[in-house]
Amino acid sequence: MAKATRKANLPKALIAPQLTHPIHSAAAALGGRISPTTVRMPITNVLNDGDYSGKIYVGSKKIEIDVLLDTGSSTLAVDGHFYDPTKDSAAKLTNIGQEVSYEDRSRWVGGIVLTDITVNSAHPLVLSKVHTAVAYHATEEMFGKSHGGILGLAYSRLNDAYTMPGRTIPPRYTYNQIQKGHRAYIEPYFSQLEAAGLVANKFAFYTLRSAVNKATVKPATDSLNNGFLIFGGGEEQTDLYDGAFQVARVVHDTYYNVNLKSVRVGKTAPVQAFPPTKASHDPSNAIVDSGTTAIYLDRPVFKEVLARFKSLGFEDEIHAGYLPMSKLKLKDWPVLTFVLEGALGSDVILEVTPQTYWQTNAPKAGHASLALGPEKGPSILGLPLMNNYFTVFDRSVDKGLGVVSFARIKP
């Protein structure tokens, strides 16, 4: 994390290859198009224990902030210890407050300012008057020691806020006081980018790990720990994937909610995933989420998946969840196959290899950790699935619900 007092030099991002033949949107049949403008942001998983972060630059002084990149939330928030809006000539203070909690029980409270946000690229992408939350109270684990913010990439429904009687910066409202304000929804950063015509309403992730690879003494320079977030595109990044895309239907505009049909362990019988019950109020039975470093299956599904592993003789290793690599022969482990409802008529069939649902050299060299577990509620299809596929979140089709497209990732 750069110190907040330093004005950052904007580094050049790597650029997509020159296309030698026409490229079409994976969702062309639904009206999807290729964007004329894309920005490729370098990202890394070393700052936040496997979660990916990228650099943005905040305000008139372009304060460098490492933001966690999360498709499971919608708010752009920065740690008030790193950015002071009262010293930003581009900032406009407001009377809007926010308090946001996450699945891991981390949370923060802060005030909204309108300011400039710059994304690093060969030609810097600058958007003014961005709704930016400045957190002045946060749990210890919220921002950690190495990054200073979070960039949510989900829909407006998750970006609720509260109008207060007076300015929310400098800090003056507690969590309970903000809860008593007038509830409203504010436009997330990515939606503002698209509305300004700077990029198309889509983005894509290229990632290879869901835990930091500790095989070398300098994990930050290990290519396995680095990747890309592409603003405004995906399919034109032909050096990052192989073959055709499969297109999954998004069924609700809160998270990237998808319909999981089944999970198969190797060649065993598929485990059926049932729709959510009415009592659960869940809009679907699964979510695709870049901000989750494992695959978490709804408990009934996980129970049956565990039984399949047991039938193949892997029960002890699954229960242990952490092993010396010398005792883990990944070539003997089965591929997990996930079947999602497709958006173009056919099912989407995604394979997760043992090399991704087990993370080798994590949390230390010579050991491996299991990135698979149970969850109460919808299954969360996190980074271990995305590590196998270049994943495009295209929100421009199906009246804004969008689709999630998957193509085999190029290592």
Enumeration of residues in the stretch 240-276 that are farther than 22 Å from Leu344 by Cβ and either among the aromatic types (Phe, Trp, Tyr) or modelled with pLDDT under 95 (or both): Thr254, Phe274, Pro276
Checked Arg209, Arg172, Arg167 against criteria (in a loop (DSSP other than H, G, I, E, B) and assigned by TED's automatic domain parsing to the domain that holds Gly402); the one match is Arg209
With the structure loaded, tell me whether Leu193 is aliphatic (A, V, I, L, M), under 19 Å from Ser106 (Cβ atoms) and surrounded by 15 or more Cβ atoms within 10 Å (Cβ to Cβ) or whether it fails that test. no
Name, by its number, the condition in (1) within 26 Å of Val339 (Cα to Cα); (2) surrounded by 21 or more Cβ atoms within 10 Å (Cβ to Cβ) that does not hold for Pro188. (1)
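Mind listing whichever residues of the stretch 73-119 are part of a loop (DSSP other than H, G, I, E, B) and farther than 17 Å from Thr139 by Cβ?
Within the stretch 73-119, the subset part of a loop (DSSP other than H, G, I, E, B) is 73-75, 80-84, 88-91, 102-106.
If the condition is that a residue be part of a loop (DSSP other than H, G, I, E, B) and farther than 17 Å from Thr139 by Cβ, then Ser74, Tyr83, Asp84, Asp88, Ser89, Ala90, Ala91 are the ones that fit.
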Can you tell me which residue among Pro334, Pro374 is in contact (Cβ under 8 Å) with a residue 60 or more places away in the chain, in contact with a Gly (Cβ under 6 Å, 6 or more places away or on another chain) and either surrounded by fewer than 19 Cβ atoms within 10 Å (Cβ to Cβ) or among the polar types (S, T, N, Q) (or both)? Pro334
Being surrounded by fewer than 23 Cβ atoms within 10 Å (Cβ to Cβ) and at pLDDT below 95 is the filter here; which residues of the stretch 196-214 pass it? Ala196, Gly197, Leu198, Val199, Asn201
Candidates Thr292, Thr254, Thr221 - the one that is closer than 22 Å to Val67 by Cβ, free of Cβ contacts under 8 Å to residues at least 12 places away in the same chain and of a type in the set (Val, Ile, Thr): Thr221
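For every residue, the table says whether it meets (1) surrounded by fewer than 20 Cβ atoms within 10 Å (Cβ to Cβ); (2) of a type in the set (Asp, Glu); (3) not assigned by TED's automatic domain parsing to the domain that holds Thr207; (4) not in a strand (DSSP E or B).
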residue: Asp239; (1), (2), (3), (4): yes, yes, no, yes
residue: Asp242; (1), (2), (3), (4): yes, yes, no, no
residue: Ala248; (1), (2), (3), (4): no, no, no, no
residue: Val263; (1), (2), (3), (4): no, no, no, no
residue: Lys267; (1), (2), (3), (4): yes, no, no, yes
residue: Phe274; (1), (2), (3), (4): yes, no, no, yes
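Collect the residues in the stretch 134-164 that are over 26 Å from the mean Cα position of the chain (by Cα), part of a loop (DSSP other than H, G, I, E, B) and either assigned by TED's automatic domain parsing to the domain that holds Leu229 or β-branched (Val, Ile, Thr) (or both), keeping them in residue-number order.
none
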Going through the stretch 284-308 one residue at a time, which ones are aliphatic (A, V, I, L, M) and not in a strand (DSSP E or B)? Ala294, Val301, Val305, Leu306, Ala307
Scan the stretch 316-326 and give yes if some residue there is free of Cβ contacts under 8 Å to residues at least 60 places away in the same chain, under 25 Å from the mean Cα position of the chain (by Cα) and in the same structural domain as Leu350 (by TED's automatic domain parsing), otherwise no. yes
Of the residues in the stretch 390-406 that are part of a loop (DSSP other than H, G, I, E, B) and either touching a Pro at 6+ places or on another chain (Cβ under 9 Å) or not hydroxyl-bearing (Ser, Thr, Tyr) (or both), the one that is farthest from Thr38 (Cα to Cα) is Leu401
I'd like to know if the stretch 105-123 contains one or more residues that are assigned by TED's automatic domain parsing to the domain that holds Asp79, of a type in the set (A, V, I, L, M), surrounded by fewer than 19 Cβ atoms within 10 Å (Cβ to Cβ) and over 21 Å from the mean Cα position of the chain (by Cα). yes
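Among the hydroxyl-bearing types (Ser, Thr, Tyr) and touching an Asp or Glu at 6+ places or on another chain (Cβ under 6 Å): does that describe Tyr189?
The answer is no for Tyr189.
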Starting from the stretch 377-391, take each residue that is buried (at least 24 other Cβ atoms within 10 Å of the Cβ) and list its partners that are of a type in the set (A, V, I, L, M) and outside any strand (DSSP E or B), counting only C-beta distances under 6 angstrom and pairs at least six apart or across chains. Gly382/Ala294; Pro384/Ala371; Asn387/Leu208; Phe390/Leu240
Going by what's in this entry, would Pro374 be described as within 21 Å of the chain's Cα centre (by Cα), modelled with pLDDT of 95 or more and not in a strand (DSSP E or B)? no
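If only one of Ile117, Ile112, Ile150 is of a type in the set (A, V, I, L, M, F, W, C), touching a residue at least 24 places away in the same chain (Cβ under 8 Å) and more than 20 Å from Asn48 (Cβ to Cβ), which one is it?
The conditions single out Ile112.
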The correct count of residues that are surrounded by fewer than 21 Cβ atoms within 10 Å (Cβ to Cβ), of a type in the set (S, T, N, Q) and outside any loop (DSSP other than H, G, I, E, B) in the stretch 215-237 is 3
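The values are calculated or read from the model by the stated rules, or taken from the named source; none is laboratory data. Computed from a predicted structure; not experimentally measured. Backbone-built Cβ (ideal geometry, glycine too); neighbour counts: all protein chains shown.
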